[in-house]
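Below is one structure, written out as structure tokens, with a few remarks after it.
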Amino acid sequence: MAVQARTVSVSEAPGLSRRDIFVTILMLLVGGGILILGAFGTQAGDQATFTDQKLGTLFSLSSQPTLYLMGMACLFMAGMRLYRGFAALRAWFGLALAVLAAFAFLVWMSSGTTLNVPGMIQATLTAATPLTLGAMCGLLCERSGIINIAIEGMMLFGAFAGVAFAAIFDNLWMGLIAASLLGGAMAGVHAVLSIKYKVDQIISGTVINILAVGATRFLNLRVLEPAGLSTPGTFDAIRIPVLADIPIVGPILFENQPTTYIMLILLVVVNYVVFFTPWGLRMRACGEHPRAADTVGVAVNRMRYISVVIGGLIAGVGGAYFSLGQVGTFEDGMTRGQGFVALAAMIFGNWNPFGAFAAALLFGFANALQVKMQILQPVLPIINVPIPPEFLQMAPYILTIIVVAGVVGRVRPPAQEGKPYEKQ
Amino acid sequence: MTEERSAGLAARIAALPLWVRLVALAVLVGVPVLLSKWLVLILLIALGLWPITVLVGLVGLALFSIPRGGWPWMRSWLGARLRDLAIPLLSIFTALVIGALVIMFTDAEVYAALSSGQIVYALRVGIQNVAVAYGALYEGAFGNPSDILEAIGRALGGEGLDPILRAVRGPSDSMVQSVPYIFAGLAVALGFRAGLFNIGAEGQIGIGWIAAVIVGFSFRGLPMIIHLPLAIVVGAIAGGLWAAIAGFLRARTGAHEVITTIMLNYISFRLSEWLLCGPLEFTRGTCRTQEIAESAYLPRFLSHPVTLHWGFVLALAAAVAVGWFLFKTTWGYELRTVGANPNAARYGGMSVTRTWVLAMFLSGCLAGLAGVSQGLGISHNAALGFQAGYGFDAIALALLGKSHPAGVVAAAFIFGVLRAGAARMQSVAGVPTEIVQIIQALVIVFIAAPAIIRAIYRFRERRREDIEAEMAVFSRGWGA
Amino acid sequence: MEDTSSFAIRMEGITKRFPGVVANNSIDFAVRQGEIHALLGENGAGKTTLMKILAGLYQPDEGQIWIDGRAASVHSPRDAIDLGIGMIHQHFMLVESHTVAENIILGLDVPRFVLNLEKVEREIAKLADQYHLLVDPGARIWQLSVGEQQRIEILKALYRGARILVMDEPTAVLTPQEAKQLFNTLRSMVAEGHTVVFISHKLGEVMSVADRITVLRRGEVEATVQASETSRQDLARMMVGREVLFRVGKRESEPGDVVLEIDGLGALNDKGLEALRDVSLTVRHGEILGVAGVAGNGQRELAEAIVGLRPVTRGQIRVDGEGVTNRTPREVMDRGVAYIPADRIGSGLVVNLSVAENLILKCYRDPPICNWFFLDGDAISGHAQELVRAYDVMTPGIETRTRLLSGGNLQKLILAREISSKPALMVSVYPTRGLDVGATEAVRRLLLEQRDAGGGILLISEDLDELLSMSDRIAVLYEGRIMGIVESQEARVEALGLMMAGTAPEEDGGE
């Protein structure tokens, strides 16, 4: 199986592949869609106004011409692909397409009204926080060779422990630490099951997910609520002085919840550790070719234990985001499948921290857009129905399926993940 | 010996003229259908009074063993059964014990007693709590034996069936709960056999459920004989097609089914949210469809409060069909071969990709039927948040039943018992039903890692080959 | 004997048991400083086990090890590295997606926190220069050829300060030229004071490169000899424990019509590179065509292309005159082609299914096994019982899981299934690899019987002796090309060896 994946990435056969055709068709469709939005969804003379809370109007565009322009750009890109051959400029085409489509959608949505751009970006970043943390958990596990579909469960445990311990100690930070620790403990369970007992890693992950739903709800009903420990409150946004006063960038980056800062710091740290230290090199070798690592004296299973537990600690923080960052109390299954979106982000990002972050931002944007849409209720042209928010919520899942199916670019998981390592 | 005899019997049956065989078949099917009400009642009573049933069974076995050498034969027969059952039974037992500890140590009174130093008192309260909780669990799942006996007495005294029906509500609930479990467990087990990990049963259940309910309420005025099968088939096929997406992607592009089914799950959740709170919503604000027409109801055997419906028979039939399909047909053989070694399957001239799509489709059909049985048999509509985790528990069922239909049915029954009992446990003892989920998760752990159970009970390590065979589930990455 | 300190390695009384086998039975083994020492033996003689003990991958059940005259305990690969032992495994231990430099420093403690790959790459380049091992330290492993990967393995050992280099079957995947280059490297390393142990079962290379030779047989030391004082015949006798018969008695073949005709065949390997180039050959009924060649020169791809498991990019394949190019395995099978794959457990059998179920793998759609859509249980067990008896498969029963059978019985199971389909053509790949002497003879006898019954056989093997004794004609495959086809009666080992090394036979003018 792995061989097959590698084949595709190695030998970029010249000529038309199904993938190229798909991407080109996608571009034509997106371009056409934008043109339709422009022609039927906007009035001539409508202005899309982008604002900032402090600065007021940033800029405003005449929506119809803008949409026409962007639609044409999209079609032009598709045409260029057809004309110049598919191999040309492949890498940034997808990205350009995504940005174009997203921006066109925004212009259309805010046509005739205003849109708070920094607010939107900040909402995106906030929504991306748990996704990125979860994705980094998955990344650490999988790079070392342990499949982790229990990100959801670990985050849910984290969310629960956050509430419980924040209320017990009456200190949100204690809650955050406890959340991280319980996430790590659950990762420890996953690690012991899949490394020591060689349980199939997908089964082991499923166990943790089931356990998380049951145990947190059980404990919440039986312990937290009777003891009145269920409302510790939420973190306030921490404002970093001076930096937060920078226009536009300031409120986006420097006025956030602690979890967001932790996420940004961890992002850099994890990326550095995994790709630029000997430790990271060994860890990746454990996922790619554990026997090779073993023959040069790397303790494969110890490496895997460490990676998985660290991953769990990070996922726990991601869980705390839901309870201590957003709601301030524990709700059943409050992670709402975001752990699986995090898994999707990890795959989407090709097992790279910054790739995963980019994917998380994309998914976070879909989320922010969906919230915005519930307020603006834009109506699709021609068929005249509002866009159901559920469809935007589906986007991460659909995109992930498209990516793992290899229709728009290949991702390559660590070669030996999912296989228990046995010394000979 | 028995094999020879049955072979002889089969030959003799085959020698009969066709019309005789057809008549015999009709009688064999028709009589139980006509008598279904009574048969089900007997079954429920037997379940409620299961110690007596077991005793009767043992006596029967003893009688059966007499011509075969008596006790030694019986002992080896029982021994063989028990050896296979040791790990599963001990797993369940251990999980229940841990569940009891969880109940004990999450009780405020116990903590209060402990903190004031009354350790003995705390223990007593704890044990009392557990006894009350598990007592309620038992009663919810099997009914109260003395009530059942009393009700039988009153029925014989001419007071009618109502007391019995009330008394066997527990066993009935257990069976009702096990119906979707059987379907969903078979779905995952069939996938396992083909080497596919269908985590998406949850979503397929939902899709099947909604599809069946849509058929159920859209065609009013159809006769039941058309409407009910139509709803069932549409529900099954809807679930099957939903799952086949994952099978198709696996076959065509190599996308790992674990990821695609997880993602399809969430797509289906959002889709059903939209459908149920949008186009299909009947009364605004309820996120629920309208009731299905009565002609699409899966009929119930008995009247209230016994809700056991024909879905149960359907589920057992599905189990038989899956077993027969897997072990007695060429497609089943292909499916098992592909699951055990796709390279060898390819080498044997099988189409691995076609088998994957087919297996996923069938698996989805079975999962869809789990939704169908709930939608047409119990709820008669579809409402938001209706899947209730059957699909995820199904993974445990398939493991517990070693992907064998008979094993899955047994495991499904155990889970049904737990679920039925949990409802009562919550109302009587105030222990949240989620304790059952914890117990189920523990059961999966112990089944998947039998080494833990062996360590706890100091089992002899089994032969290496057996262990290897046990481990041969799916240890592979989800590459391409 | 000698002063112990002159030994780089001394192992005494090494015993290692695995479930069911004693891999090493109180082995004494000593290597002098600065020599090239060959460890010779058949497959399964215990060579690799002994060396894995030395490299810390296995723990011996009994025995003592001295390195450079000091008693040493090698509990882990890390201990071995610290003792200056570098082992190069038959399957390279390189992480494919990492770069050369990353692979070389993997597991080292020096750079502690920051990877300074540029510095490492400079050091590697220097080291490579010193030993004339050309590599690009920045390249990724999957981009490199097998020979290059081996050089990286050597560099990896040297970078870790290995003075004792252990190589497991280093030439198995090399062309003769690459092998020659390797031997030059080894000699220059020995000249620099390193010690080399290499494992092999090839007499020729052992004789030409080693100073001393230790022969292992069935987990025991047969002898340790000076290369200059022995002959190939002696070594061969020690290795197999009996005189090697170079021609087994077999009847004259009576070739009939052409059964397999391959014309200008081309195919790709798993990596998408060209594995077969313009291969043309024919096999007649009642004839065994041997295919010789160093492993990895397209043998597997040839077999898979014929039976329909690998797409053909160019050319034609005809069986009994009918084209089967790019047909499904099923269609090829139905034309009477049987296949004995190289990888018995990986693709020949379904080890988690029963013996009976494995025996119907190719006939489960045909009556009497299959009745429309249903499998007939009685027919299946009857079929299985008959075959198990006829082919003398040792199994507790037909319902036994196949994984419990021994290697020889697994192969007999495959042969039983394939021969019972009465194939016109049998493609058999390494049919005796890894089997003991008895099973080997049984398999060869079955193949000859099949030939005498009028079947055509394409026999792909690495074992020249086997090819010479079994085949009627021998084709030599080199880098996916047929270098020549010779009558096995007239074939000389030397000529075949030259062709396997890529030199065309003289008649064609040579290169």
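What follows draws every value from the coordinates through simple rules; no lab data is involved. Remember, it's a predicted structure, so these values are computed and weren't measured experimentally. Cβ: placed from backbone, ideal geometry, glycine included. Neighbour counts: every protein chain shown.
Just the number, please: percent antiparallel of the DSSP beta bridges in chain C, rounded to the nearest 5.
Antiparallel bridges: around 55 percent, rounded to the nearest 5.
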quick shape note, the protein assembly as shown: Cα extents on principal axes in Å, largest first -> 100, 93, 73
Quick calc, the range C:392-511, dipole around Cα centre from Cβ unit charges on Lys, Arg (+) and Asp, Glu (-), nearest 20 debye, gives 820
Filtered hits (aspartates and glutamates, Cα-Cα < 12 Å from residue B:328, offset >= 8 within chain) -> C:357, C:376, C:378
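What average count of beta carbons from other chains do you get within 10 Å of the Cβ of residues in A:413-421?
Whole-number average of other-chain Cβ neighbours for A:413-421 is 4.
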Within chain B, cysteines having no neighbouring cysteine beta carbon under 4.7 Å are B:365
Treating only Lys and Arg (+1) and Asp and Glu (-1) as charged, each at its beta carbon, one finds that the protein assembly as shown has a dipole about its Cα centre, in Debye to the nearest 20, of 2280
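For the range C:228-361, what's the relative contact order in percent, using C-alpha pairs closer than 8 Å and at least 6 residues apart?
Values: 169 pairs, mean separation 26.9, N = 134.
The value is 20 percent.
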Residues of the range C:139-183 with backbone N under 16 Å of the label point set 7 Å from the Cα of residue C:109 along Cα→Cβ are C:160-161
Chain A, Gaussian network, Cα under 10 Å: of A:353, A:247, A:290, the residue fluctuating most is A:247
Any aspartates and glutamates whose Cα falls less than 14 Å from that of residue A:198, other than same-chain ones fewer than 8 residues away, would be A:417, A:422, B:468, B:470
In deg cm²/dmol, rounded to the nearest 500, the helical mean residue ellipticity at 222 nm of chain A, built from -39500 (n - 2.57) for every DSSP H run of length 4 or more, is -21500 deg cm²/dmol
Going residue by residue through the range B:144-154, the Karplus relation 6.51 cos²θ - 1.76 cosθ + 1.60 with θ = phi - 60° gives ³J(HN,Hα) values, rounded to whole Hz and with x marking Gly or Pro, of 9, x, 5, 4, 4, 4, 4, 5, 4, x, 5
Note on the range C:344-422: alpha-carbon gyration tensor, axes a ≥ b ≥ c; rule is a/c under 1.5 for rounded, else prolate if a/b larger than b/c, else oblate; result prolate
Checked chain B against the a/c 1.5 cut and the a/b vs b/c comparison, axes a ≥ b ≥ c from its Cα gyration tensor; verdict rounded
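List the relative contact order of chain B as a percent without decimals, with contacts defined as Cα pairs under 8 Å and 6+ residues apart.
Result for chain B is 25 percent.
Fewest to most neighbouring Cβ within 10 Å: what's the order for B:291, C:287?
With the fewest neighbours first, B:291, C:287 line up as B:291, C:287.
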Any aspartates and glutamates whose Cα falls less than 18 Å from that of residue A:372, other than same-chain ones fewer than 8 residues away, would be A:52, A:390
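Do you know the relative contact order of chain C, to the nearest whole percent, from alpha carbon pairs under 8 angstrom that are 6+ apart?
Worked out over chain C, it gives 14 percent.
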Here the averaged projected area of the range C:4-240, based on the convex hull of its alpha-carbon atoms and given in nm², is 12.8
With label points set 7 Å from each Cα along the Cα-to-Cβ direction at residue B:118 and residue B:97, the distance between them in nm comes to 2.9
Pairs over 21 Å Cα to Cα, from A:423/C:52; C:16/C:52; C:271/C:362; C:47/C:202, come to C:271/C:362
Taking 0.36 nm per residue of separation between residue A:196 and residue A:171 and subtracting their Cα-Cα distance, the length gained on full extension comes to 5.4 nm
In terms of the alpha carbon gyration tensor, root eigenvalues a ≥ b ≥ c, rounded if a/c is under 1.5 and otherwise prolate when a/b exceeds b/c or oblate, the range A:126-372 is oblate
Whole-Å distance linking the alpha carbon centroid of the range B:256-331 with that of the range A:235-251 is 51
Rounded to the nearest 5, the percent of antiparallel DSSP beta bridges in chain A equals 75
From the Cα centre of the range A:349-410 to that of the range B:113-184, the distance in Å is 48
Put in order of increasing Cβ neighbours within 10 Å, starting from the fewest, B:402, C:362, A:423 give A:423, B:402, C:362
With a Förster distance of 35 angstrom and the Cβ-Cβ distance between residue A:96 and residue A:371, calculated FRET efficiency to the nearest 0.05 equals 0.85
With only helices counted (DSSP H, runs n ≥ 4, each -39500 (n - 2.57)), the per-residue ellipticity at 222 nm for chain C, to the nearest 500, works out to -9000 deg cm²/dmol
As a percent rounded to 5, the proportion of antiparallel DSSP bridges among beta bridges in the protein assembly as shown is 60
Rounded to the nearest 500, the 222 nm mean residue ellipticity computed for chain B from DSSP H runs (n ≥ 4, each -39500 (n - 2.57)) alone is -25000 deg cm²/dmol
